[in-house]
1. Restricting attention to segment 91-100, does a residue exist that is assigned to a strand (DSSP E or B) and either among the aromatic types (F, W, Y) or touching a residue at least 24 places away in the same chain (Cβ under 8 Å) (or both)?
2. Where in segment 162-249 are there strands (runs of 3 or more DSSP E), lying wholly inside it, with at least 3 residues that are within 12 Å of the ligand (Cβ to nearest atom)?
3. (1) surrounded by fewer than 16 Cβ atoms within 10 Å (Cβ to Cβ); (2) at pLDDT below 95: which one isn't true of S205, the others all being true?
4. If you go through segment 101-119 one residue at a time, how many are modelled with pLDDT under 95 and in a loop (DSSP other than H, G, I, E, B)?
5. If you go through segment 79-97, how many residues are within 16 Å of the ligand (Cβ to nearest atom) and in contact with a strand residue (DSSP E or B) (Cβ under 7 Å, 6 or more places away or on another chain)?
6. Looking only at segment 21-49, which residues are closer than 23 Å to G229 by Cβ, more than 19 Å from the chain's Cα centre (by Cα) and not charged (D, E, K, R)?
7. Return yes or no: is S236 surrounded by 21 or more Cβ atoms within 10 Å (Cβ to Cβ), hydroxyl-bearing (S, T, Y), at pLDDT 95 or above and more than 24 Å from L153 (Cα to Cα)?
Amino acid sequence: MNKKLLVFNWKSAPATVDAAIKLAKAVESGIPKKNAPEIVIAPPFLFIEEVGKFVKKTKLGSQDVFWKNIGPYTGEISLRQEKNLKVKYVIIGHSERRRILGETDTMINKKVLATLKAGLKVILCVGEPKRELGIKNYELKIKKAKNYVKNQLKKDLRGIHNSLFKIHNSLIIAYEPVWAIGTGHSDSPEDAVEMIKFIKKTLNSRVLYGGSVNSKNIKNFVKYKEVDGFLIGGASLKPKEIKNIIKSI
Ligand code: PGA
(Lines give C-alpha, C1' and ligand atoms only; values in the text may rest on other atoms or scores of the structure.)
Protein backbone atom coordinates (compact mmCIF):
# COMPACT_ATOMS: atom_id res chain seq x y z
CA MET A 1 0.00 0.00 0.00
CA ASN A 2 1.19 3.51 -0.83
CA LYS A 3 2.06 5.91 1.94
CA LYS A 4 -0.37 8.76 2.37
CA LEU A 5 0.66 11.79 0.37
CA LEU A 6 0.55 15.29 1.83
CA VAL A 7 0.83 18.21 -0.58
CA PHE A 8 1.35 21.63 0.92
CA ASN A 9 0.21 24.31 -1.49
CA TRP A 10 1.50 27.66 -0.30
CA LYS A 11 -0.20 29.55 -3.14
CA SER A 12 1.15 33.16 -3.17
CA ALA A 13 2.47 33.13 0.41
CA PRO A 14 4.66 33.78 2.32
CA ALA A 15 5.95 37.26 1.53
CA THR A 16 9.68 36.64 1.75
CA VAL A 17 12.17 33.93 0.96
CA ASP A 18 13.28 33.84 4.59
CA ALA A 19 9.76 33.11 5.71
CA ALA A 20 9.50 30.38 3.09
CA ILE A 21 12.69 28.75 4.34
CA LYS A 22 11.40 28.92 7.90
CA LEU A 23 8.21 27.16 6.88
CA ALA A 24 10.14 24.51 4.97
CA LYS A 25 12.22 23.88 8.08
CA ALA A 26 9.04 23.51 10.12
CA VAL A 27 7.85 20.84 7.70
CA GLU A 28 11.17 18.97 7.76
CA SER A 29 11.40 19.02 11.54
CA GLY A 30 7.87 17.65 11.89
CA ILE A 31 8.61 14.50 9.90
CA PRO A 32 9.00 11.41 12.08
CA LYS A 33 11.81 8.92 11.49
CA LYS A 34 9.41 5.99 11.13
CA ASN A 35 6.23 5.70 9.08
CA ALA A 36 6.56 9.16 7.65
CA PRO A 37 4.03 10.15 4.99
CA GLU A 38 5.22 11.25 1.56
CA ILE A 39 5.34 15.06 1.67
CA VAL A 40 5.43 17.60 -1.13
CA ILE A 41 5.94 21.32 -0.66
CA ALA A 42 4.70 23.57 -3.47
CA PRO A 43 6.09 27.06 -2.77
CA PRO A 44 5.59 30.04 -5.06
CA PHE A 45 7.95 29.71 -8.08
CA LEU A 46 10.13 32.53 -6.74
CA PHE A 47 11.15 30.51 -3.71
CA ILE A 48 11.49 27.01 -5.15
CA GLU A 49 15.24 27.18 -5.58
CA GLU A 50 15.99 28.46 -2.08
CA VAL A 51 13.48 26.18 -0.38
CA GLY A 52 15.03 23.28 -2.33
CA LYS A 53 18.32 23.83 -0.51
CA PHE A 54 16.69 23.14 2.84
CA VAL A 55 14.52 20.14 2.16
CA LYS A 56 15.84 16.64 2.45
CA LYS A 57 12.89 14.48 3.40
CA THR A 58 10.29 16.34 1.38
CA LYS A 59 9.87 16.61 -2.37
CA LEU A 60 9.41 19.83 -4.30
CA GLY A 61 6.27 20.66 -6.18
CA SER A 62 5.24 23.55 -8.37
CA GLN A 63 1.83 25.19 -8.51
CA ASP A 64 1.65 25.29 -12.28
CA VAL A 65 3.72 24.85 -15.45
CA PHE A 66 3.64 25.86 -19.09
CA TRP A 67 3.34 23.13 -21.71
CA LYS A 68 6.14 24.30 -24.01
CA ASN A 69 9.79 23.86 -23.13
CA ILE A 70 11.36 26.56 -25.23
CA GLY A 71 9.98 29.68 -26.87
CA PRO A 72 8.75 33.22 -26.31
CA TYR A 73 6.10 32.81 -23.60
CA THR A 74 6.29 35.88 -21.39
CA GLY A 75 5.72 35.14 -17.75
CA GLU A 76 5.51 31.37 -18.14
CA ILE A 77 7.68 28.75 -16.44
CA SER A 78 8.78 25.73 -18.44
CA LEU A 79 9.04 22.07 -17.51
CA ARG A 80 12.72 22.23 -18.33
CA GLN A 81 13.24 24.95 -15.74
CA GLU A 82 11.20 23.11 -13.14
CA LYS A 83 13.09 19.89 -13.73
CA ASN A 84 16.37 21.73 -13.29
CA LEU A 85 15.14 22.95 -9.91
CA LYS A 86 14.41 19.33 -8.94
CA VAL A 87 10.66 19.78 -8.98
CA LYS A 88 9.06 16.33 -8.93
CA TYR A 89 5.34 17.11 -8.72
CA VAL A 90 3.28 19.66 -10.64
CA ILE A 91 -0.13 20.88 -9.49
CA ILE A 92 -2.27 21.43 -12.58
CA GLY A 93 -5.75 22.86 -12.99
CA HIS A 94 -6.17 24.29 -9.51
CA SER A 95 -9.63 25.86 -9.26
CA GLU A 96 -8.12 29.28 -8.53
CA ARG A 97 -6.33 29.14 -11.87
CA ARG A 98 -9.43 27.90 -13.66
CA ARG A 99 -11.72 30.45 -12.04
CA ILE A 100 -9.60 33.58 -11.63
CA LEU A 101 -7.12 33.19 -14.48
CA GLY A 102 -9.44 31.62 -17.01
CA GLU A 103 -7.51 28.41 -17.47
CA THR A 104 -9.49 26.08 -19.72
CA ASP A 105 -9.69 22.31 -19.87
CA THR A 106 -7.83 22.45 -23.19
CA MET A 107 -4.91 24.28 -21.58
CA ILE A 108 -4.97 21.94 -18.62
CA ASN A 109 -4.94 18.94 -20.94
CA LYS A 110 -1.81 20.25 -22.68
CA LYS A 111 -0.10 20.81 -19.34
CA VAL A 112 -0.96 17.32 -18.07
CA LEU A 113 0.27 15.68 -21.25
CA ALA A 114 3.54 17.64 -21.35
CA THR A 115 4.25 17.05 -17.66
CA LEU A 116 3.67 13.30 -17.85
CA LYS A 117 5.83 13.07 -20.95
CA ALA A 118 8.59 14.96 -19.15
CA GLY A 119 8.50 12.31 -16.42
CA LEU A 120 7.19 14.50 -13.60
CA LYS A 121 4.21 13.61 -11.45
CA VAL A 122 0.95 15.42 -12.07
CA ILE A 123 -1.48 16.45 -9.36
CA LEU A 124 -4.59 17.26 -11.33
CA CYS A 125 -7.23 19.24 -9.42
CA VAL A 126 -10.90 18.66 -10.12
CA GLY A 127 -14.08 19.47 -8.24
CA GLU A 128 -17.57 20.84 -8.63
CA PRO A 129 -17.97 24.60 -8.18
CA LYS A 130 -21.12 24.79 -6.06
CA ARG A 131 -22.60 22.93 -3.21
CA GLU A 132 -26.08 22.23 -4.43
CA LEU A 133 -27.81 23.22 -1.23
CA GLY A 134 -31.10 23.77 -2.98
CA ILE A 135 -31.36 20.12 -3.96
CA LYS A 136 -32.94 18.13 -1.18
CA ASN A 137 -32.52 14.79 -2.92
CA TYR A 138 -29.11 13.47 -1.85
CA GLU A 139 -28.70 11.07 -4.78
CA LEU A 140 -29.39 13.82 -7.28
CA LYS A 141 -26.96 16.18 -5.57
CA ILE A 142 -24.15 13.64 -5.66
CA LYS A 143 -24.99 12.67 -9.22
CA LYS A 144 -24.68 16.28 -10.38
CA ALA A 145 -21.27 16.64 -8.72
CA LYS A 146 -20.09 13.33 -10.17
CA ASN A 147 -21.12 14.36 -13.65
CA TYR A 148 -19.22 17.61 -13.30
CA VAL A 149 -16.03 15.87 -12.20
CA LYS A 150 -16.40 13.14 -14.83
CA ASN A 151 -16.63 15.78 -17.51
CA GLN A 152 -13.55 17.61 -16.20
CA LEU A 153 -11.54 14.39 -16.12
CA LYS A 154 -12.63 13.47 -19.62
CA LYS A 155 -11.47 16.81 -21.02
CA ASP A 156 -8.34 17.22 -18.90
CA LEU A 157 -7.10 13.71 -19.63
CA ARG A 158 -7.95 13.62 -23.33
CA GLY A 159 -5.42 11.56 -25.27
CA ILE A 160 -3.74 10.35 -22.11
CA HIS A 161 -3.70 6.61 -21.91
CA ASN A 162 -3.30 4.50 -18.84
CA SER A 163 0.08 3.27 -20.09
CA LEU A 164 1.49 6.78 -19.81
CA PHE A 165 1.01 7.07 -16.09
CA LYS A 166 0.29 3.59 -14.77
CA ILE A 167 3.84 2.32 -14.48
CA HIS A 168 5.23 5.35 -12.72
CA ASN A 169 2.19 6.00 -10.57
CA SER A 170 2.56 9.48 -11.95
CA LEU A 171 -0.99 10.75 -12.22
CA ILE A 172 -2.55 11.87 -8.98
CA ILE A 173 -6.00 13.41 -8.78
CA ALA A 174 -6.88 15.95 -6.12
CA TYR A 175 -10.61 16.08 -5.54
CA GLU A 176 -11.24 19.58 -4.30
CA PRO A 177 -14.85 20.75 -4.22
CA VAL A 178 -14.42 24.43 -5.05
CA TRP A 179 -16.91 25.57 -2.41
CA ALA A 180 -14.74 23.91 0.26
CA ILE A 181 -11.46 25.61 -0.67
CA GLY A 182 -10.33 28.29 1.75
CA THR A 183 -13.79 28.56 3.28
CA GLY A 184 -13.24 26.70 6.52
CA HIS A 185 -16.03 24.30 5.50
CA SER A 186 -14.58 21.01 4.33
CA ASP A 187 -16.65 18.40 2.55
CA SER A 188 -18.06 15.63 4.71
CA PRO A 189 -15.66 12.67 4.68
CA GLU A 190 -18.51 10.40 3.51
CA ASP A 191 -19.30 12.54 0.46
CA ALA A 192 -15.62 13.01 -0.37
CA VAL A 193 -15.03 9.26 -0.18
CA GLU A 194 -18.06 8.64 -2.39
CA MET A 195 -16.51 10.90 -5.03
CA ILE A 196 -13.03 9.43 -4.60
CA LYS A 197 -14.42 5.91 -5.14
CA PHE A 198 -16.19 7.17 -8.24
CA ILE A 199 -12.95 8.60 -9.64
CA LYS A 200 -11.06 5.41 -8.85
CA LYS A 201 -13.62 3.34 -10.76
CA THR A 202 -12.35 4.76 -14.01
CA LEU A 203 -8.79 5.77 -13.19
CA ASN A 204 -6.02 3.72 -11.76
CA SER A 205 -4.51 6.58 -9.80
CA ARG A 206 -4.13 7.93 -6.32
CA VAL A 207 -6.82 10.39 -5.26
CA LEU A 208 -6.31 13.10 -2.65
CA TYR A 209 -8.90 15.22 -0.90
CA GLY A 210 -8.47 19.01 -0.64
CA GLY A 211 -10.58 21.84 0.72
CA SER A 212 -10.24 23.38 4.20
CA VAL A 213 -8.27 20.47 5.62
CA ASN A 214 -6.70 21.22 8.99
CA SER A 215 -5.15 19.35 11.90
CA LYS A 216 -8.56 18.84 13.50
CA ASN A 217 -10.71 17.57 10.64
CA ILE A 218 -7.98 15.54 8.91
CA LYS A 219 -8.55 12.66 11.35
CA ASN A 220 -12.06 12.15 9.99
CA PHE A 221 -10.69 11.59 6.49
CA VAL A 222 -7.52 9.68 7.30
CA LYS A 223 -9.41 6.62 8.48
CA TYR A 224 -10.75 5.94 4.98
CA LYS A 225 -8.36 3.80 2.98
CA GLU A 226 -9.74 5.32 -0.24
CA VAL A 227 -8.27 8.73 0.65
CA ASP A 228 -4.66 8.55 -0.53
CA GLY A 229 -3.69 11.89 0.95
CA PHE A 230 -4.44 15.60 1.08
CA LEU A 231 -3.84 18.85 -0.77
CA ILE A 232 -3.63 21.53 1.88
CA GLY A 233 -3.54 25.29 1.44
CA GLY A 234 -4.17 27.64 4.38
CA ALA A 235 -3.19 25.23 7.15
CA SER A 236 0.15 24.52 5.45
CA LEU A 237 1.29 28.06 6.25
CA LYS A 238 1.10 27.58 10.01
CA PRO A 239 4.01 25.73 11.65
CA LYS A 240 1.88 24.32 14.46
CA GLU A 241 -0.75 23.07 12.04
CA ILE A 242 1.94 21.55 9.83
CA LYS A 243 3.33 19.53 12.75
CA ASN A 244 -0.07 18.33 13.90
CA ILE A 245 -1.17 17.43 10.39
CA ILE A 246 1.93 15.31 9.83
CA LYS A 247 1.38 13.68 13.20
CA SER A 248 -2.19 12.68 12.40
CA ILE A 249 -1.26 10.81 9.24
P1 PGA B 1 -7.33 25.24 1.59
O2 PGA B 1 -6.79 25.17 0.09
O3 PGA B 1 -6.71 24.10 2.32
O4 PGA B 1 -6.90 26.57 2.09
O5 PGA B 1 -8.82 25.11 1.50
C6 PGA B 1 -6.69 23.94 -0.57
C7 PGA B 1 -6.23 24.18 -1.98
O8 PGA B 1 -6.52 25.24 -2.54
O9 PGA B 1 -5.55 23.34 -2.57
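1. Checked segment 91-100: at least one residue is assigned to a strand (DSSP E or B) and either among the aromatic types (F, W, Y) or touching a residue at least 24 places away in the same chain (Cβ under 8 Å) (or both).
2. Values: elements: 171-175, 206-210, 229-232.
Here the list reads 206-210, 229-232.
3. For S205, the exception is condition (1).
4. Residues meeting the conditions: 2.
5. First, the residues of segment 79-97 that are within 16 Å of the ligand (Cβ to nearest atom): 89-97.
Keeping just the survivors that are in contact with a strand residue (DSSP E or B) (Cβ under 7 Å, 6 or more places away or on another chain) gives 89-95.
The total comes to 7.
6. Scanning segment 21-49 gives A26, S29, G30, I31, P32, N35.
7. Numbers: surrounded by 21 or more Cβ atoms within 10 Å (Cβ to Cβ): yes; hydroxyl-bearing (S, T, Y): yes; at pLDDT 95 or above: yes; more than 24 Å from L153 (Cα to Cα): yes.
Yes: the conditions hold for S236.
The values are calculated or read from the model by the stated rules, or taken from the named source; none is laboratory data. Owing to the predicted nature of the structure, the values given are computational and were not obtained by experimental measurement. Note that each Cβ is placed from the backbone with ideal geometry, even for glycine, and that neighbours are counted across all protein chains shown.
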